[in-house]
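The values are calculated or read from the model by the stated rules, or taken from the named source; none is laboratory data. Keep in mind that what you see is a predicted model, and the values were worked out from it rather than measured. Here Cβ is always computed from backbone atoms with ideal geometry, including for glycine, and neighbour counts include all displayed protein chains. These area figures cover heavy atoms from the full protein model, side chains too; ligands, DNA and RNA do not enter into them. Shrake-Rupley method; radii C 1.70, N 1.55, O 1.52, S 1.80 Å.
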Amino acid sequence: MEYVLEMQGIVKSFPGVKALKGVDLRVRPGTVHGLMGENGAGKSTLMKCLIGMYTANEGSITYKGEQVSFNNVREALEAGISMVHQELSPVPERTVMENVWLGREPMRPGGIFVDHKKMLQDTIDLFARINVNLDPKEKMGNLSVAKMQMVEISKAVSHDASIVIMDEPTSALTATEAEDLFRIINDLKSKGVSLIYISHKMDEIFGICDDLTIYRDGEYVDSRNTKDIDQEELIQLMVGRKLTAMFPKLSFEIGPPIFKVEGLSSGKLFQDVSFELRKGEILGFAGLVGAGRTEIVETIFGMHPITAGKIYKDGVEIKINSPRDAIHNKIGLLTEDRRGNGIFGMLSVADNTIIANLDHYGLPLNHKKIRSDAQEYVEKLNVKTPSLAQEIKNLSGGNQQKVLVARWLLTDPDILIVDEPTRGIDVGAKSEIHSLITRLAAEGKSIIMISSEMPEVLGMSDRILVMHEGHMTGIIDRADATQELVMQYATASV
Amino acid sequence: MISMSEGAKGGVNIAAIAKKNTVWLVLIVMVIVVSIATGGSFVTPVNISNLLTTEAIKAMLTVGVMFTILAKGIDISTAAVLALSATVSASLCQQIGPDTLLHLSTPMPAFVGLIAGVAVAAVVGFCNGFFIAYTKIPPFIATLGAQLVVKGIALLYTNAYPVANLTPGFKIMGQGFLIPKVPNVVTVAVVVVIIGGVLLTQTRFGKNIFAIGGNDIAAKVAGIKVEKNLILAYTFCSCCAGLGGVLLASRSGSGIATLGFNYELDAIAAATVGGTSHTGGVARISGVIAGILILGVINNGLLILGVSPYIQQIVKGGIIVGAVVWDMRKHAKKA
């Protein structure tokens, strides 16, 4: 058997997007196989199709020589495929061993009572098998993230896994903890287990992976043996798309600096970030997921405490402790998580539009002005809604996003921060948002735009600030910006 | 550009109105059923006046508690606050006699009693709001604690004796008729409902509470002072209960530490039946008015029909759970 797993022509569509457009993956037994690609390349989606969290629309999966299709995670687990998730999901108040055997506790004869003695012994045996040094009776919540991960891996192994999938396993680990993880990975490998490894860290990839498969925008690019490829070529394969001129970028004179951040840090979230923003400029924030971009703008907007550094606006230092302070300083933030902290689903389009601007409607509220303001911006931004009274949750994602932009425009900000402004919205609305952002910049507003889509960052930004693991790795001018250069900064491989 | 859907614009859409006001339809149906069942004795002016007077105090509590439910919280301390306000206000307005609670040389004017009663309530409400907003303890727990503490204080304050023999000036508040034929408690209840409605729809505070109940993180991001508004909501809720307490003491002629037993639950029930969603962010004052009246019709109608009070409780319980199930389904379908 040459391959333990063969996935062929996997297609997965979500409403409005085709996340996987017929991709392949072949994993040899007893190897570590790295999945490479930018944010949104489709790596995680592919893995979710494998383990039965998603059902692929097309394609075939051959596992140990047999055609399979798992309906849920449990079936995949029982077949010997398990995934250690990026976000671990332990039950913190229970012990390590209870977490390992959750849902399949060994029972005493009769099947009513849990056999704690056997559970303990099984756990000790399991830990011994893969050289994990943990107390089975420790409370899960007391463990470090690294140790919780060990528990998760043990759990995977306890299912007699043939394939263990790890999605960004080292993102929360220190260097020594990561070393421990690599030791366990090598251990598993020598026992014939295959590992599918998703990571953005180049040194890890080249350190532990035997094979690599590269994806881009939901398509299969290439498979290589790690020793036949170097970092430069890998990055090229990851980002090597043709850039089309679909961005309505306007060129105009950019004004003087109006906003400056100096040595800004917020605890462990990010450290020592400095940049300047000029009037009418679009400053792109690039970086891989988890690099700390969202945390920076949320800190500027008063959602996380500032632990070091200063913020200046129009040359004067400003203090921001809450979103309210930021709004008073004429800063607006279109958040990344539209449902979580953007819209008020049960409220009307009109109320959603004017909610950040309530101070301006007097007492009793001037409903006529509220309606006319909402109407004005709904028309200006071409929001498609049956009426102003419509509950916003009934609108499409793109239209909800436009309402949120309207909300901030009503407060007349000097600086508008947009975090993944086009995520999860359809192509038409996307290009509308793009022209809107450019137009706002042309009108003299300064824009900070976080985007995980490389073409968007390159197409829209005047300058691009690149982050890597909580640190700024560089600022690139539009003229010098290429996909390869941004990716090199983003993976800190410069 | 807004593309108006047809039908929303043209003509009166009866089905849409009915759908939006189901709770009023339910009320109307209930009134008809009860009227027929009682052979007409339900719809006499005397009985209607009776019903309204009985429900008036609870109506005040309901308006208050609506704000806390709207803010995705709850207040179960309202009845205890009512009792404390009743005893405090009554104790200031006792006629001079051998066994007054405070041994004042002269009784205070009625308005002092009123203000003191509401002020005490405001303090409790402020504390509720403060703990809920800043320590993030669940509102149910915060107000459960407040309920016990406040009840204890009221009992301690009065030694569990009724504070009776109140001044005529104090008693006239709850017993008089400022508007001919309309008992003052009903008038005040109507005023409280109107104030509630105005706060809800005509002020920033109202909009803020809708937003906080709907999505408190988004509210913060939109620059709303979430903590301050929560404190205001709980304070307002308590003040409504305090006002109810003063009027109840005045109407019944004595302040008792056990007044308003279970009123907090009736108020929550009325607000809930009236469409105030416990998932936060949804409430309409018209619905809440209907909710108050529905509970009133059940109480009063079953009483006239001679149904055992135990069965009344069972009916009420069923209706409340039914209302919430229906509400959840309605919202789940839309989402």
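Is it true that some residue in segment A:251-265 is within 14 Å of another protein chain (Cβ to nearest Cβ), under 18 Å from A:ASP414 (Cα atoms) and either at pLDDT 95 or above or in a strand (DSSP E or B) (or both)?
No, that holds for no residue.
Please specify each residue of segment A:266-282 satisfying the condition of being part of a strand (DSSP E or B) and closer than 22 Å to A:LEU458 by Cα.
Result: A:VAL273, A:SER274, A:PHE275, A:GLU276, A:LEU277, A:ARG278, A:ILE282.
Would you point out the residue of segment A:434-472, among those that are β-branched (Val, Ile, Thr) and crowded, with 21+ Cβ neighbours inside 10 Å, that is nearest to A:ASP272 (Cα to Cα)?
Checking each candidate, the answer is A:VAL466.
Results for (1) among the charged types (D, E, K, R); (2) surrounded by fewer than 21 Cβ atoms within 10 Å (Cβ to Cβ); (3) free of Cβ contacts under 8 Å to residues at least 40 places away in the same chain, shown as yes or no for each residue.
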site: B:TYR134; (1), (2), (3): no, yes, no
site: B:PHE140; (1), (2), (3): no, yes, no
site: B:ALA146; (1), (2), (3): no, no, no
site: B:ILE179; (1), (2), (3): no, yes, yes
site: B:ASN184; (1), (2), (3): no, yes, no
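I'd like to know if segment B:9-24 contains one or more residues that are more than 14 Å from every other protein chain (Cβ to nearest Cβ) and at pLDDT 90 or above.
Yes, the conditions are met somewhere in segment B:9-24.
Listed residues B:LEU144, B:LEU148, B:LEU155, B:LEU230; which is more than 22 Å from the chain's Cα centre (by Cα) and at pLDDT 95 or above?
After ruling out the rest, the residue left standing is B:LEU155.
Give the residue that is least open to solvent (accessible area, probe 1.4 Å), with candidates limited to residues of segment A:1-53 that are hydroxyl-bearing (Ser, Thr, Tyr) and closer than 19 Å to A:THR170 by Cα.
Across segment A:1-53, the extreme among qualifying residues is A:THR31.
Please work out which residue is surrounded by the most Cβ atoms within 10 Å (Cβ to Cβ), limiting yourself to segment B:272-302 and to residues that are of a type in the set (A, V, I, L, M) and under 30 Å from B:PRO162 (Cβ atoms).
The selected residue is B:ILE292.
Of (1) more than 15 Å from B:VAL246 (Cα to Cα); (2) at pLDDT below 95, B:TYR134 satisfies all except one. Which?
If we test B:TYR134 against (1) more than 15 Å from B:VAL246 (Cα to Cα); (2) at pLDDT below 95, just (2) comes out false.
Report the residue count in segment B:209-226 for those that are more than 7 Å from every other protein chain (Cβ to nearest Cβ) and open to solvent by less than 30 Å² (accessible area, probe 1.4 Å).
Result for segment B:209-226: 6.
Go through the residues of segment A:303-320 one by one and say whether even a single one is within 9 Å of chain B (Cβ to nearest Cβ), within 18 Å of A:ASP272 (Cα to Cα) and crowded, with 20+ Cβ neighbours inside 10 Å.
yes
Out of curiosity, is A:LYS402 more than 10 Å from every other protein chain (Cβ to nearest Cβ), open to solvent by 30 Å² or more (accessible area, probe 1.4 Å) and assigned to a helix (DSSP H, G or I)?
It is false that A:LYS402 is more than 10 Å from every other protein chain (Cβ to nearest Cβ), open to solvent by 30 Å² or more (accessible area, probe 1.4 Å) and assigned to a helix (DSSP H, G or I).
Please find, among A:GLN86, A:GLN121, the residue that is open to solvent by 70 Å² or more (accessible area, probe 1.4 Å), at pLDDT 90 or above and of a type in the set (S, T, N, Q).
Only one candidate passes the filter, namely A:GLN121.
Within segment A:365-387, how many residues are more than 22 Å from A:LYS430 (Cα to Cα) and part of a helix (DSSP H, G or I)?
Summing the residues that are more than 22 Å from A:LYS430 (Cα to Cα) and part of a helix (DSSP H, G or I) in segment A:365-387 gives 7.
Please verify whether A:GLU262 is over 30 Å from A:SER199 (Cα atoms), surrounded by fewer than 16 Cβ atoms within 10 Å (Cβ to Cβ) and not aliphatic (A, V, I, L, M), treating the condition exactly as stated.
Yes, satisfied.
Report yes if A:PRO421 is open to solvent by less than 20 Å² (accessible area, probe 1.4 Å) and more than 19 Å from the chain's Cα centre (by Cα), otherwise no.
No.
How many residues does segment A:284-302 contain that are within 24 Å of A:LYS330 (Cβ to Cβ), of a type outside the set (A, V, I, L, M, F, W, C), more than 14 Å from every other protein chain (Cβ to nearest Cβ) and open to solvent by less than 10 Å² (accessible area, probe 1.4 Å)?
Qualifying residue count, segment A:284-302: 1.
If the requirement is being in contact (Cβ under 8 Å) with a residue 60 or more places away in the chain, under 26 Å from the mean Cα position of the chain (by Cα) and more than 12 Å from chain B (Cβ to nearest Cβ), which of these qualifies: A:GLU276, A:GLU336, A:GLU281?
After applying the criteria, what remains is A:GLU281.
Just a yes or no: is a residue in segment A:64-72 hydroxyl-bearing (Ser, Thr, Tyr) and open to solvent by less than 30 Å² (accessible area, probe 1.4 Å)?
The answer is no; no qualifying residue exists.
With (1) surrounded by fewer than 21 Cβ atoms within 10 Å (Cβ to Cβ); (2) small (Gly, Ala, Ser); (3) within 14 Å of chain B (Cβ to nearest Cβ) as the list, and A:ALA374 as the residue in question, which single condition is left unmet?
Exception for A:ALA374: condition (1).
Under the condition of being open to solvent by 30 Å² or more (accessible area, probe 1.4 Å) and in a loop (DSSP other than H, G, I, E, B), which residue from segment A:388-399 is farthest from the other protein chains (Cβ to nearest Cβ)?
So the residue we want is A:SER396.
Looking at segment B:252-263, is at least one residue surrounded by fewer than 21 Cβ atoms within 10 Å (Cβ to Cβ), touching a residue at least 24 places away in the same chain (Cβ under 8 Å) and within 14 Å of chain A (Cβ to nearest Cβ)?
No, the conditions are met nowhere in segment B:252-263.
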